[in-house]
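In what follows, a structure is listed as structure tokens, so that the remarks can point back to it.
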Amino acid sequence: VKYAELPNGVRIPYVEQGDTSGLPLLLLHGLPAEDPSVELDEIEASTLLVWGDQDQRCPRSEQEALLAGIARSRLVVYAGAGHTAHAEEPERFAADLVAFAQEVQDLFAQRLSTAIGAHLQVGTQRW
């Protein structure tokens, strides 16, 4: 596991391509469509899809397929941007990425707190 350092002190773990362990997944490049090892329904990580509506390489239908295939995914569309939406609108991309990372971090903290609380409650009942 590696960590991405984002503005505002947000640190998010990310995993290498092919690892679907459920950690937040930071994808900076799309996965090749011809890669049969990637089964979208096996991706457990929260996934942010960023797409420019003027992208000539990756049509909207591909984005919809990714969105439908990855359970915890969200699509953000950049009107007027092309294939390199992240480079065309770097400030917006950074803000969207930080917001997404913060949401994932908050969700993880909430789930961890719930799991710890349940564990402590069970432990208290045993005493």
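No lab work stands behind these numbers, since they all come straight from the coordinates. Worth saying up front: this structure is predicted, and the values here are computed from it rather than measured. Because the Cβ atoms are built from the backbone with ideal geometry, glycine has one as well, and the counts that use them run over all protein chains shown.
Within the range 69-102, which residues have the backbone N less than 15 Å from the label spot 7 Å out from Arg60 along Cα→beta-carbon, could you tell me? Label zone hits: 75-82. The stretch between Leu40 and Gln110 holds 22.7 nm of extra length on full extension. This uses 0.36 nm per residue minus the Cα-Cα distance.
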